[in-house]
Amino acid sequence: MNASTAVAPMTIVDEGLGNSCYLVDLGDGSALVVDPPRDLRTVLATAREHGLRIRFAADTHLHADFLSGAVQLAHEFDTTVLASAAGGRAFPHRGLGDGDQVDLGGLQLTALTTPGHTDEHLSFLLGDGERPAGVFTGGSLIVGSAARTDLLGPDRTDALTRAQFRSLHRLRQLPARTAVWPTHGAGSFCSAPPGTARTSTIGQELATNPLLQLDDEDTFVRTLLASLGSYPAYFRRLTEINRRGPQILDLRAPARLAPLSPSLVHTMRGDGAVVVDVRPVRDYAAGHVRGAVSIPLRAQFATWLGWLVDAPVVIVRGDDQDPAEIIWAAANIGFDTLGGLVGELAGGVESWAAAGYELATTGMLAAAEVEPDRQHVLDVRQDAEVAAGHLPRTHHVELGSLATETVPPRGDPAPRTVTMCGHGERAATAASLLERQGHHDLAIVEGGPDDWAHARNARLDTTS
């Protein structure tokens, strides 16, 4: 059995945020966890299942897309937090610099400075005896690419991208069979390429990663930056929260949302609270609190909540939707520091209507029913998705921009505005944001451009 197989970590994936954390069995009943999220439920359940106590928690960098669970682990289990000494963290931790080693009891962890994604970024080389088994690359080398370098602002982007070039070239010197265990992956707004692979090897990346084929630094900079799209607004505040250390949570308290009467919710809306409807798209469309933001509860819920809402939130949910999933998703992105979830509408939309308040409805269309010649079709997917294929004569605004960008009705009389994404969830969110802007004749498309092309036997447009 080779070294990489012998110490292969357990991978715990957050499909919504697109991130992986890793749990390593150290062989003595204890474990190392790398880049744990604030929502520790799966991490702790996995550790319990294998009879492990988490002795070490290593953070590769100050995360911008989620709050770290390392401080919580230290509070709960006296876990030793390992992180860059250059990060300026304001809580107890073991600060590491380049080449520093941590004895894990038979295994060794060696810190490698790999700036680029952040200034203080570390990769952690896991060694079994004299041979490296794998490297936790965080937001440095990722499968098929490298993590984004523009999170510290435009004045730092060029320098960080050049640092990323040097970091990747450092990592490529590791033995070809060394496993690559990145934190960021497909679905993360910290990285660029799609795909399903979460881990790799140095040899595989040398053979397939386009960025590792580039020996010219300027070409690398242009190529990486050209691949980067937009990212959620909440990224701009989480780094500092992670530096200070996230607030400790009571893991034993029941996850519940305070029930709020319709009259209280009505008053709170007047004071600036936002109603967020997490029910499935069809339920929202059939009847909702006028002005509510539709963010269906699914893997990507936290991303869109943090991107689009920056006020206290009242939740509307279905009876079969677990409040714990809503609460922990919000906590993972630090929503409790931004007004937080103040409660839920007691009795749901039925109680709202019974109290005499208005319920609004939104139309639904199958993809085959979309007629770009007669309707104002608003495609709210990301730029790269739209570039790969879209309906003719569509208007494109990324969903993340709709909260601040007004979309005026087109034509006189204005045609019906039809919102479209890949499946329907983002389209529902878009329709709800347009309703808040004053639009009335709206419809949500179930399905996406591929469904339309298949139903109409038509080709999608790839022109900008």
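The figures follow:
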quantity	calculated
Residues H454 and E405, FRET efficiency given R0 of 30 Å [Cβ-Cβ distance, rounded to 0.05]	0.45
Environment charge at R41 (Cβ cut-off 13 Å; Lys +1, Arg +1, Asp -1, Glu -1)	-3
Region 189-246 - percent of accessible surface contributed by carbon and sulfur, probe 1.4 Å	53 percent
Accessible area in the full protein assembly, largest first, 1.4 Å probe, for V71, V33	V71, V33
Paramagnetic reach from D215 (point 7 Å along Cα→Cβ, amide N under 16 Å) across region 140-177	166, 169-170, 172-173
Charge dipole of the chain about the Cα centre (unit charges at C-beta), most positive-ward option of A311, G422, G97	G97
Along principal axes, Cα extents of region 58-102, largest first, whole Å	29, 25, 15
Accessible area of the chain divided out per residue, in Å², using a probe of 1.4 angstrom	41 Å²
Neighbourhood charge, 13 Å Cβ-Cβ cut-off, centred on G229 and excluding it, Lys, Arg +1 and Asp, Glu -1	-2
Convex hull volume per residue in cubic angstrom - Cα atoms of region 208-344	180 Å³
Charge dipole of the chain about the Cα centre (unit charges at C-beta), most positive-ward option of H117, I54, A226	I54
Theoretical FRET efficiency, 1/(1+(r/R0)^6), r = Cβ-Cβ of R131 and A253, R0 45 Å, to 0.05	0.50
Net lengthening on full extension, A387/A354 (0.36 nm per residue, minus Cα-Cα)	7.3 nm
Student exercise, the chain dipole from Lys, Arg, Asp, Glu Cβ charges, in Debye to nearest 20	300 debye
Pairwise Cα inverse-distance average, inverted: Kirkwood Rh of region 329-464 (Å)	16.4 Å
For region 27-141, radius of gyration divided by Kirkwood radius, i.e. Rg to Rh on alpha-carbons	0.94
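The values are calculated or read from the model by the stated rules, or taken from the named source; none is laboratory data. The model shown is predicted, which means the values in this text are computed figures rather than measured ones. As a convention, Cβ positions derive from the backbone with ideal geometry for all residues, glycine included, and neighbour counts pool all protein chains shown. Each accessible area value is taken on the protein alone, full model and side chains, heavy atoms only, with ligands, DNA and RNA left out. Shrake-Rupley method; radii C 1.70, N 1.55, O 1.52, S 1.80 Å.
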